[in-house]
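Taking it in order: structure first as structure tokens, then the write-up.
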Amino acid sequence: GQQVMQIPQYQHVQEGEDFTTYCNSSTTLSNIQWYKQRPGGHPVFLIQLVKSGEVKKQKRLTFQFGEAKKNSSLHITATQTTDVGTYFCAVEGAAGNKLTFGGGTRVLVKP
Amino acid sequence: EPEVTQTPSHQVTQMGQEVILRCVPISNHLYFYWYRQILGQKVEFLVSFYNNEISEKSEIFDDQFSVERPDGSNFTLKIRSTKLEDSAMYFCASKRKDVSETQYFGPGTRLLVL
């Protein structure tokens with residue numbers, strides 16, 4: 001099945017700084033989704049990218065889908081303490097069914 | 001805003017015991033899922049359910065696991081004889097239709113097998 005690798009596994013960020021987390025696949029992806037999971041919480045959908053080279057923004061979050069549709073990134077500017085959590089990329093199966101999650105990037109923000 | 005709900009929020013059980021985890025998906029959703037997350041690890045797919053039958057299951061979902069939609073609202077996951085390694089957070093999710101739709105996750109049930 002499809003596998004996605006996420007880097008880095010951990011990200012310690014000073015409040016106010018920017019950071020980027022990456023999601024990579026060896027195969028072409030039909031789509032990619034991003035979820036955020038707060039500590040002790042459940043995955044919450046952030047965005048879905050479908051088109052090659054697509055870029056979407058949500059306030060301080062910028063999501064990008066690679067031209068070859070094999071990688072994606074999430075860039076957060078001016079990190080805040082509310083950004084703490086684990087960010088997962090996930091791929092929806094060919095039949096539109098299961099989500100295959102990456103390993104996640106756990107973000108800790110230093111005030 | 002409609003939500004997926006799950007009960008109980010926490011479950012402690014002895015190894016070998018049966019547990020039933022309950023979920024109420026969002027009311028007009030048609031696709032239902034169970035995922036699990038071992039502490040500190042990624043979210044793993046267990047099973048998907050559509051039109052009153054399993055549509056896909058992972059290798060984790062062995063004969064000890066079963067799912068059921070006993071009525072029009074509940075969606076349950078049963079583990080027949082729990083093992084220590086079944087300790088995890090179990091998330092139910094649902095979505096309205098096939099592709100290009102968001103899956104909405106419930107708050108999870110934390111299962112601890114002693």
- Filtering region B:1-21 down to residues that are in contact (Cβ under 8 Å) with a residue 60 or more places away in the chain and part of a strand (DSSP E or B) yields B:T5, B:Q6, B:T7, B:H10, B:Q11, B:V12, B:T13, B:V19, B:L21
- Pick from region B:72-114, criterion in a loop (DSSP other than H, G, I, E, B), within 9 Å of another protein chain (Cβ to nearest Cβ) and open to solvent by 50 Å² or more (accessible area, probe 1.4 Å), ranking: nearest to B:Q14 (Cα to Cα): B:P107
- Query: When only residues in region A:40-77 that are among the basic types (K, R), outside any strand (DSSP E or B) and without any contact (Cβ under 8 Å) to a residue 24 or more places away in the chain count, which is surrounded by the fewest Cβ atoms within 10 Å (Cβ to Cβ)?
  - Reply: A:K59
- Message: I'm told A:Q80 meets every condition in (1) more than 14 Å from chain B (Cβ to nearest Cβ); (2) open to solvent by 50 Å² or more (accessible area, probe 1.4 Å); (3) within 22 Å of B:E101 (Cα to Cα) except one. Can you identify the failing condition by its number?
- Response: (3)
- Among the residues of region A:11-30, is any within 13 Å of chain B (Cβ to nearest Cβ), hydrophobic (A, V, I, L, M, F, W, C) and part of a strand (DSSP E or B)? yes
- Any residue in region B:42-61 that is open to solvent by less than 20 Å² (accessible area, probe 1.4 Å), more than 18 Å from B:L111 (Cβ to Cβ) and assigned to a strand (DSSP E or B)? yes
- Item | Filtered residues of region A:1-39 (kept if free of Cβ contacts under 8 Å to residues at least 60 places away in the same chain and either closer than 27 Å to B:L111 by Cβ or of a type outside the set (S, T, N, Q) (or both)) | A:Y22, A:I32, A:W34, A:K36, A:R38, A:P39
- Query: In region B:1-21, which residue that is of a type in the set (S, T, N, Q) and farther than 17 Å from B:K78 by Cβ is surrounded by the fewest Cβ atoms within 10 Å (Cβ to Cβ)?
  - Reply: B:S9
- Query: Looking only at region B:22-40, which residues are outside any loop (DSSP other than H, G, I, E, B) and either open to solvent by 90 Å² or more (accessible area, probe 1.4 Å) or aromatic (F, W, Y) (or both)?
  - Reply: B:R22, B:Y31, B:F32, B:Y33, B:W34, B:Y35
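The values are calculated or read from the model by the stated rules, or taken from the named source; none is laboratory data. In this text, all values refer to a predicted model and were calculated from it rather than measured experimentally. Note that each Cβ is placed from the backbone with ideal geometry, even for glycine, and that neighbours are counted across all protein chains shown. The accessibility values were calculated without ligands, DNA or RNA, using every heavy atom of the protein model including side chains. Shrake-Rupley method; radii C 1.70, N 1.55, O 1.52, S 1.80 Å.
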